[in-house]
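The values are calculated or read from the model by the stated rules, or taken from the named source; none is laboratory data. Computed from a predicted structure; not experimentally measured. Cβ atoms come from the backbone with ideal geometry, glycine included; neighbour counts cover every protein chain shown.
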Amino acid sequence: MLKFFRRIRQHLLSENKLSKYSFYAIGEILLVVIGILIALQINNWNNERNNDKIEQQYIARLVNELKKEIKTYERLRDGFERQNQSVQNLLELWKEDNPVVKDTAKFWNEFFAGSGAGPWHKEPVIWTQLVQSGELKLIDDQESIEALFTHYADVKSTADNYREYPTQTTNEARKLIATTFAETDFLLNPARRGRKPPSEALDAVFLNKDQYRVIFVRVAIIASIHIGSMEQLI
């Protein structure tokens, strides 16, 4: 098309027909402008298609992340329920004047299950990446975006509001356990780890049962609160 206009232009110039040449020159310019506009429009379409593709990929990854989170919260809830039950069993045993441990393996499983009550929160990878990179704007569904903002704000608030107390309780429990086991080589000897603690360790725990009762009551409270938190997040 441009070659056609050029031939006409050269012919008109050779015949000194300036007015007609001007007309065709304008037509040639308009054609170039139209070509540029078409190219820009095609580029915009390509960008939109690419953005749509990226949007769908992010949505799929967000959905997958949320599904994994729900499974994690379910697993944590079940773990806190088991922990709570283990602690309740120990507290009932320590209420007795002369407690007798009939199953030492079960006792130690419940004992160590109740010795930790640390924080559980982890930052969502995909959501954090979207927010920090600014690519959140690629997702058009603003209602879903607002719902996700609310969800993750609730998760973080729940975790932050109850982070210090569990960490403090866990540290105190581990310190007491280390002190109790100091008279044995159970914690120091790698060969003995993973096995049942010796009988003198059991005696040491019962000598300090009042201290353990105080800490394990706190662990039970924390576990109960965590169970409720997980139920709300599922």
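Looking at this structure, is D210 more than 26 Å from K122 (Cβ to Cβ), in a helix (DSSP H, G or I) and modelled with pLDDT of 85 or more?
On the way: more than 26 Å from K122 (Cβ to Cβ): yes; in a helix (DSSP H, G or I): yes; modelled with pLDDT of 85 or more: yes.
Judged against the criteria, D210 is a match.
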| message | Within the stretch 123-139, take every residue that is in contact (Cβ under 8 Å) with a residue 24 or more places away in the chain and part of a loop (DSSP other than H, G, I, E, B) and give me the one that is surrounded by the most Cβ atoms within 10 Å (Cβ to Cβ). | response | P124
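A quick yes/no check of all residues on (1) at pLDDT 85 or above; (2) among the β-branched types (V, I, T); (3) surrounded by 15 or more Cβ atoms within 10 Å (Cβ to Cβ):
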| site | (1), (2), (3) |
| --- | --- |
| E69 | yes, no, yes |
| R75 | yes, no, no |
| F80 | yes, no, yes |
| V87 | yes, yes, yes |
| E96 | no, no, no |
| D141 | no, no, no |
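Of all residues in the stretch 100-122, which are of a type in the set (A, V, I, L, M, F, W, C) and assigned to a loop (DSSP other than H, G, I, E, B)?
First pass over the stretch 100-122, keeping only residues of a type in the set (A, V, I, L, M, F, W, C): 100-101, 105, 107-108, 111-113, 117, 120.
Selection gives V100, V101, A117, W120.
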| Looking at the stretch 207-234, which of its residues are over 16 Å from Q88 (Cα atoms), in contact (Cβ under 8 Å) with a residue 40 or more places away in the chain and either hydrophobic (A, V, I, L, M, F, W, C) or surrounded by fewer than 14 Cβ atoms within 10 Å (Cβ to Cβ) (or both)? | M230, E231, Q232, L233, I234
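Test E69 against the stated conditions and say whether it is among the acidic types (D, E) and either closer than 19 Å to F216 by Cβ or not in a helix (DSSP H, G or I) (or both).
Details: among the acidic types (D, E): yes; either closer than 19 Å to F216 by Cβ or not in a helix (DSSP H, G or I) (or both): no.
Criteria not met by E69.
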| request: Answer yes or no: is there a residue in the stretch 173-193 that is over 30 Å from L130 (Cβ atoms), charged (D, E, K, R), under 35 Å from the mean Cα position of the chain (by Cα) and at pLDDT 80 or above. | output: yes
| query | Of (1) touching a Lys or Arg at 6+ places or on another chain (Cβ under 9 Å); (2) in contact (Cβ under 8 Å) with a residue 24 or more places away in the chain; (3) of a type outside the set (K, R), Y152 satisfies all except one. Which? | reply | (1)
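Quick one: in the stretch 143-158, which of the residues that are surrounded by 15 or more Cβ atoms within 10 Å (Cβ to Cβ) and of a type outside the set (F, W, Y) is nearest to K53 (Cα to Cα)?
First, the residues of the stretch 143-158 that are surrounded by 15 or more Cβ atoms within 10 Å (Cβ to Cβ): 145, 148, 151-152, 155, 158.
Next, only the ones that are of a type outside the set (F, W, Y) stay: 145, 148, 151, 155, 158.
On the way: I145: 18, L148: 20, H151: 25, V155: 29, T158: 34 Å.
Within the stretch 143-158, the match that is nearest to K53 (Cα to Cα) is I145.
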| field | Inter-residue pairs, beta-carbon under 8 Å, first more than 17 Å from F111 (Cα to Cα) and in the stretch 180-205, second basic (K, R) and modelled with pLDDT under 80, 6+ apart | value | D185/R192
